[in-house]
Amino acid sequence: MKQVWLLVVFLVMALQNALWADDWAPVTPEELGLKASAVEPGADAEAFFWEVKVKDDLASSDGRTVYENYIRIKIFTDRGRETHGTVELAYSDRSKIKDIEARTIKPDGSILPLKKDAIFERSVAKTKGLHLKAKSFALPGVEPGCIIEYRWRDERPLESYKRLQCQQSFPIQKLMYYFAPLNLPDYGMNFQAFHIACAPPAKVKDGYYKTEIAKVQAFKEEPRMPPEDQVRSWILLFYSKTQRLTPAEYWKKTGKTAYDDAKWIMRQNDDIREKAQSLTTGAATPDEKIKTLFDFCRAEIKNASDDASFTPDERAKLKENNSPSDTLKRKVGTGRDICMLFGSLARAAGFDARWALLPDRGDMFFDPQFPDDYFLTSYDICVKIGDQWRFYDPGSSYVEYGMLRWQEEGVKALITDPKEPFFFTTPVSAAARTVRKRTANLKLSEDGTIEGDVTMEYTGHSGNVLKEDHDEESPTEREQAIKDLMKGRMSSAEVTNARIENANFSDRPLTYMFHIKVPGYGQKTGKRVFFQPNFFQKGIDVVFTSTDRRHPLYFQYPWTESDIVKIEFPDGYELETPEAPPPLNAGDAGHYNIKMSVKDKVLTAERSFTFNGVFFEVAQYAPLKQLFEVLYERDNRTLTLKQVPAAAPAGAAPSR
């Protein structure tokens, strides 16, 4: 009986697969004959339709969300063939891509199906706690005039919130989303469109709801634009209480609940009070007291969330801290534990310390008019000093005192309160807090080769980001990262003795140190050698090239650059035109200056650049583009060494 049952199951599965394989939508003569995009004239390719069915399923142990995708694209140009003829479907190690099928329809209607053995899998990236993979395939016989279509299933762990992208890199004539939500008591599926107008989903058959959008423009990336989901169109599906509150009601309730939770978690006992007293004794000002508490939490409590010295097995064996006193006693905790200990110590020292919920502007710009805490993904401790609220993040290993992660600066933070929670905009750290300080001691040879020692130091936001990148790397991986960086700018660069220092220290600058040799850095022509004195700007492209701009301009944070480059000349040469370009004052946006001097055959070029802005509207694109073009021109200005006659030997008769 068991064998008969297994045979029935196998036949049903085989029938389902066969039906899936044959169920392609008919190709119309109009589709075969289409010569140009109906949505965006001049597009290299265009989708006739993209159909996505989204279904939540509780049949498995943890539940899953299944996406069934089906897309049909017309190829108009060779560039469209190159861009869309090969498909890559990315997914994480917690997801599955299954049931890929694809085919090419030639202009005469003949069909070339994709063979199963033409689908490949590879690893794309591996970072902390995340392994990205991809399945890829090249559609057969693609040429201009062809139609390509493919479909696949994407199975993921059950998602309470789903981001459904509307815009792709090509225009779409018709985008169709079908949703089959779970039937949950007191909860319903909600629909929120961002940056696009579309009708609410309408109920169709088999428990699905449908929304359809016509003539979707292609999404075009631009340099220095806001996060993609801030400027491209997409839809958020999410479950929430069927009786929804107004924004004011929702945030008041959320902030009060979070305050009550934090008050309990940040509770103090005698151990906390005694430690706060001992740490702050002798501190003269409130800021000194808070810094002492911050430094203690950062230096004396090991961060189990981010400390590179912990192995995954060691992290798994750590006991859970149930209170700040547990964290204090064990001297180890998660980033959240460390924040709670800091808040508890601050309260014990007499400060009004609160739990604050923050959005991530590296994802998108939060608007409190959206009454859901989905975008409040971060947390920090805020302390009232005098009449000012100040924010601290001791739970992030490398964020400097008085700063937050750049993603959390300049955002609306919800400060919790037992009666009236409120939003407060976190300050953006000044450019002087994030410094890229670089020095190079180099020697230029007669053939144009340059060689010497380089040091590059990063503080503030730049240092924090790079430490997160490098803290778990081996010395070999760190060396390779420096080589890749320099060869990406100067392809002939030869890097040796490369190392990265202070990747695991919060209070020291992240430092690159290496020896470099770059053949062909200078160009020798006859008796002259032309070279670029601004070594650290060599090989960096101009930032903005387009005359038009669609999206606002966005810089992650203000910063300062401070470079000192010393270049020793070859024997028998002298500098022909040692003039530095004039300073440049860009008003509130920043300033730029270069100083040059020559002593004992050594050119010293000192360059400084400060940029203060974060967000600029499209109307400001032209002056900003011009600013960066001027910077590019000055950074890439060359100097000339000319060969000088050799000095006559002592006692030699002058030539006639």
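The values are calculated or read from the model by the stated rules, or taken from the named source; none is laboratory data. Every value quoted in this text rests on a predicted model; they were computed, and no experiment measured them. Methodologically, a virtual Cβ is constructed for each residue, glycine included, from the backbone with ideal geometry; neighbour enumeration extends over all protein chains shown.
A few comments on the model shown:
- Listing of strands (runs of 3 or more DSSP E) fully contained in the range 127-241 that carry 2 or more residues being among the basic types (Lys, Arg): 130-138, 147-157, 161-165, 209-216
- Members of the range 312-341 that are of a type in the set (S, T, N, Q), free of Cβ contacts under 8 Å to residues at least 24 places away in the same chain and out of contact with any helix residue (DSSP H, G or I) (no Cβ under 8 Å at 6 or more places or on another chain): Asn322
Okay, residues lined up against (1) of a type outside the set (D, E, K, R); (2) farther than 24 Å from Leu641 by Cα:
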| residue | (1), (2) |
| --- | --- |
| Ser474 | yes, yes |
| Glu479 | no, yes |
| Lys483 | no, yes |
| Met490 | yes, no |
| Thr496 | yes, yes |
| Asn504 | yes, yes |
| Leu510 | yes, yes |
| Gly526 | yes, no |
| Asn534 | yes, no |
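- As for the range 261-273, it holds at least one residue that is in contact (Cβ under 8 Å) with a residue 12 or more places away in the chain, outside the structural domain of Trp234 (by TED's automatic domain parsing) and among the polar types (S, T, N, Q).
- Residues being of a type outside the set (A, V, I, L, M, F, W, C) and either touching a helix residue (DSSP H, G or I) at 6+ places or on another chain (Cβ under 6 Å) or not assigned by TED's automatic domain parsing to the domain that holds Ser325 (or both) - total across the range 342-367: 5
- Looking at Glu561, Glu568, just one residue is modelled with pLDDT of 95 or more and closer than 30 Å to Glu408 by Cα, and that residue is Glu561.
- Filter result for Asp387 (acidic (Asp, Glu) and surrounded by fewer than 16 Cβ atoms within 10 Å (Cβ to Cβ)): yes
- Tally of residues being hydroxyl-bearing (Ser, Thr, Tyr) and surrounded by 19 or more Cβ atoms within 10 Å (Cβ to Cβ) across the range 400-435: 4
- Of all the residues in the range 422-446, those that are touching a strand residue (DSSP E or B) at 6+ places or on another chain (Cβ under 6 Å) and assigned to a loop (DSSP other than H, G, I, E, B) number 2.
- For the range 572-589, a residue qualifies if it is out of contact with any helix residue (DSSP H, G or I) (no Cβ under 7 Å at 6 or more places or on another chain) and touching a residue at least 40 places away in the same chain (Cβ under 8 Å), and the qualifying residues are Gly572, Tyr573, Glu574, Leu575, Glu576, Thr577, Pro578.
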